[in-house]
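Asker: Structure in structure tokens, see below.
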Amino acid sequence: MQPFNDPILNEFASALMGLAPYGGADIGEVDLLIGRVTDGDDDSFFEACSAAARVRIEEGDAAAVAGHTETAYDCYMRASLWLAMSYHPLYGTPVDPRLTEAFHLQMDTFEKALRLGVVRAEPVDIPYEGTKLPAWFIRAPGHEEERRPVVLVGGGWDSTMTENHFGFGIAALARGYHVLLHDGPGQGKLLIDEGLTLRHDWDAVVTPVVDAALRIDVVDPDRIVYWAWSLGGYFAPQVAAHEHRLAAIVADPGQMDIGVKITAPLARFGLDADAMARLPELSDEDERTIMAYFSGNRGLHWKIIQRGFWTNGGGDLSGFLAEMMKWKLEPSEIAMITCPVLVTAAESDQVSSDSKALYDALPGPKTFMLFTDAEGAGMHCEVLNRSLANRRTLDWLDDTL
């Protein structure tokens with residue numbers, strides 16, 4: 001299923017379709033979006049998504065005034081997701097003011113939904129290195145005053161708590177888990193408003209989240225789960241190696257070495273063994289050659305130059321490579337993981353290339369879960385069959401906890 005030929009617009013339109021079961025969109029809405037967008041045109045994608053979101057906000061406002069709180073909640077929630085998707089293709093520096101405006105409206109709308117009382121939600125104060133992590137705690141409907149397990153909902157390379165909540169937070173709530181949503185540096189507010197970038201030692205981000213969860217009276221301290229997707233499939237095992245108050249983690253898909261996935265392909269540009277060994281240092285000629293290739297490849301331009309240079313820092317290609325080469329789980333770290341681990345992989349997802357290697361290296365309780373093309377779930381993060389991924393993952397959590 002490919003709404004667009006353009007790989008970036010296709011990715012985010014597919015995400016809207018994939019999150020339809022959780023109220024993120026309806027297929028008819030996405031079909032209208034496709035018809036209003038010029039394939040490969042980021043501006044038309046932004047305008048179409050943000051216009052659709054504003055229509056839902058207006059509908060939600062009218063419903064709220066009329067006392068139709070459930071309708072208002074539905075409209076605000078899906079508008080927040082459409083706004084989140086609208087600006088992803090605009091990633092990069094200098095930051096497009098449309099991106100900043102859409103992000104602020106996204107989070108204002110998401111908060112407006114949570115404050116309606118349809119679900120019982122409250123903001124959480126999480127101090128982090130001179131600032132605060134944006135965070136919300138949502139109580140499992142029907143179990144608001146019960147001490148229950150909590151899922152710490154983590155993101156990836158470019159998602160915010162909005163997308164993550166639709167991806168698996170809503171499913172966890174429906175299964176009776178409390179949910180603690182949070183963003184970190186390099187994500188959402190801390191990236192867009194404060195300029196903080198992602199970090200390879202993600203345990204420094206999640207440890208304060210665990211501290212905050214333990215201060216909430218309805219959280220069972222013995223059943224705290226960290227579940228993260230996309231780049232979060234590296235975050236989760238890295239966190240578990242250093243944060244031992246977790247009862248289980250979910251790595252979707254499991255990842256062990258992010259840097260090598262970026263550096264190894266550089267050999268195709270003619271870098272000999274000596275040049276590869278000198279990485280992240282590059283000759284001027286090699287850097288020009290590689291950058292020209294990235295600039296001419298739509299997918300790589302967005303993932304590395306637009307997103308990577310911004311979210312990970314580094315300033316230039318050598319600096320970016322130096323940063324990404326830190327993103328590797330050492331054998332000594334993997335040996336420190338003692339909690340049960342669910343490692344997923346998707347059949348046609350290149351990001352899953354080292355998922356089985358991570359699983360094999362884990363010393364403690366572990367489960368490997370493969371999602372296939374035949375199930376309609378073989379793509380990155382099983383995005384077009386999240387219902388299947390969430391059912392299986394939550395069954396595993398039920399059994400494990």
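Asker: List every residue pair whose Cβ atoms lie under 7 Å apart, where the two residues are 6 or more positions apart in sequence or sit on different chains, the first residue falls within region 373-399 and is at pLDDT 95 or above and hydroxyl-bearing (Ser, Thr, Tyr), and the second residue, located anywhere, is outside any helix (DSSP H, G or I) and surrounded by 14 or more Cβ atoms within 10 Å (Cβ to Cβ).
Answerer: Listed pairs, sorted by first residue: THR393/VAL250; THR393/LEU342.
Asker: Only one of THR71, THR109 is of a type in the set (S, T, N, Q) and farther than 30 Å from THR207 by Cα. Can you tell me which?
Answerer: Of the residues listed, the single one that is of a type in the set (S, T, N, Q) and farther than 30 Å from THR207 by Cα is THR71.
Asker: Looking only at region 344-363, decide whether some residue is open to solvent by 30 Å² or more (accessible area, probe 1.4 Å), in contact with a Ser or Thr (Cβ under 8 Å, 6 or more places away or on another chain), touching a residue at least 12 places away in the same chain (Cβ under 8 Å) and among the charged types (D, E, K, R).
Answerer: Yes: one or more hits.
Asker: Scan region 327-380 for residues that are touching a Cys at 6+ places or on another chain (Cβ under 9 Å) and among the acidic types (Asp, Glu) and jot them down.
Answerer: The one that is touching a Cys at 6+ places or on another chain (Cβ under 9 Å) and among the acidic types (Asp, Glu): ASP349.
Asker: Take the residues of region 215-228 that are out of contact with any His (no Cβ under 9 Å at 6 or more places or on another chain) and not in a loop (DSSP other than H, G, I, E, B): which is nearest to HIS104 (Cα to Cα)?
Answerer: Among residues in region 215-228 that are out of contact with any His (no Cβ under 9 Å at 6 or more places or on another chain) and not in a loop (DSSP other than H, G, I, E, B), the one nearest to HIS104 (Cα to Cα) is ALA228.
Asker: Among the residues of region 258-274, which ones are part of a helix (DSSP H, G or I) and either of a type outside the set (Lys, Arg) or touching a strand residue (DSSP E or B) at 6+ places or on another chain (Cβ under 7 Å) (or both)? Walk me through how you get there before you give the answer.
Answerer: Step one: filter region 258-274 for residues part of a helix (DSSP H, G or I), giving 258-269, 273-274.
Within region 258-274, ILE258, GLY259, VAL260, ILE262, THR263, ALA264, PRO265, LEU266, ALA267, PHE269, ALA273, ASP274 meet the criteria.
Asker: Of all the residues that make up region 229-257, how many are in a loop (DSSP other than H, G, I, E, B) and under 23 Å from SER348 (Cα atoms)?
Answerer: 6
For every residue, the table says whether it meets (1) buried (at least 22 other Cβ atoms within 10 Å of the Cβ); (2) over 16 Å from the mean Cα position of the chain (by Cα); (3) assigned to a helix (DSSP H, G or I).
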| position | (1), (2), (3) |
| --- | --- |
| PHE168 | yes, no, yes |
| ALA171 | yes, no, yes |
| GLY184 | yes, no, no |
| GLU194 | no, yes, no |
| THR197 | no, no, no |
| HIS200 | no, no, no |
| ALA204 | no, yes, yes |
| ALA213 | yes, yes, yes |
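Asker: Looking at GLU146, GLU163, which is the one that is buried (at least 24 other Cβ atoms within 10 Å of the Cβ) and either in contact (Cβ under 8 Å) with a residue 24 or more places away in the chain or aromatic (Phe, Trp, Tyr) (or both)?
Answerer: Unique residue meeting the criteria: GLU163.
Asker: Kindly provide the set of residues from region 267-306 that are surrounded by fewer than 18 Cβ atoms within 10 Å (Cβ to Cβ), modelled with pLDDT of 90 or more, basic (Lys, Arg) and within 20 Å of GLN350 (Cβ to Cβ), ordered by number.
Answerer: ARG298
Asker: Here are THR69, THR93: which of them is of a type in the set (S, T, N, Q) and more than 30 Å from ASP316 (Cα to Cα)?
Answerer: On the way: THR93 fails: more than 30 Å from ASP316 (Cα to Cα).
One residue alone meets the criteria, THR69.
Asker: Does region 326-333 contain any residue that is in contact (Cβ under 8 Å) with a residue 60 or more places away in the chain, open to solvent by 60 Å² or more (accessible area, probe 1.4 Å) and not acidic (Asp, Glu)? Write out each step before concluding.
Answerer: Restricting attention to region 326-333, the residues satisfying the condition of being in contact (Cβ under 8 Å) with a residue 60 or more places away in the chain are 326-329, 333.
Now drop any that are not open to solvent by 60 Å² or more (accessible area, probe 1.4 Å), which leaves 326, 328.
Then keep just the ones that are not acidic (Asp, Glu); that gives 326, 328.
Yes, region 326-333 has at least one match.
Conditions tested, residue by residue: (1) out of contact with any Phe, Trp or Tyr (no Cβ under 7 Å at 6 or more places or on another chain); (2) open to solvent by less than 10 Å² (accessible area, probe 1.4 Å); (3) of a type outside the set (A, V, I, L, M, F, W, C); (4) assigned to a helix (DSSP H, G or I).
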| site | (1), (2), (3), (4) |
| --- | --- |
| ASP43 | yes, no, yes, yes |
| CYS49 | no, yes, no, yes |
| ARG54 | yes, no, yes, yes |
| GLY60 | no, yes, yes, yes |
| GLU70 | yes, no, yes, yes |
| TYR73 | yes, no, yes, yes |
| ARG78 | yes, no, yes, yes |
| LEU81 | no, yes, no, yes |
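Asker: Examine region 236-251 for a residue that is free of Cβ contacts under 8 Å to residues at least 12 places away in the same chain and out of contact with any Pro (no Cβ under 7 Å at 6 or more places or on another chain), and state whether such a residue exists.
Answerer: The answer is no; no qualifying residue exists.
Asker: Now for a separate question. Test LEU16 against the criterion of being touching a residue at least 60 places away in the same chain (Cβ under 8 Å) and either surrounded by 21 or more Cβ atoms within 10 Å (Cβ to Cβ) or among the small types (Gly, Ala, Ser) (or both), and give yes or no.
Answerer: Considered against the rule, which asks whether it is touching a residue at least 60 places away in the same chain (Cβ under 8 Å) and either surrounded by 21 or more Cβ atoms within 10 Å (Cβ to Cβ) or among the small types (Gly, Ala, Ser) (or both), LEU16 comes out as yes.
Asker: Suppose we filter LEU321, LEU358, LEU342 for residues that are touching a strand residue (DSSP E or B) at 6+ places or on another chain (Cβ under 8 Å) and either within 20 Å of ASP158 (Cα to Cα) or not in a strand (DSSP E or B) (or both); which single one remains?
Answerer: From the options LEU321, LEU358, LEU342, the qualifying one is LEU358.
The values are calculated or read from the model by the stated rules, or taken from the named source; none is laboratory data. This structure is a prediction, so every number in the text was calculated from the model and none was measured. Ideal geometry is used to build each Cβ from the backbone, glycine not excepted, and the neighbour counts take in all protein chains shown. Side chains included, ligands, DNA and RNA excluded: accessible areas come from the protein's heavy atoms. Shrake-Rupley method; radii C 1.70, N 1.55, O 1.52, S 1.80 Å.
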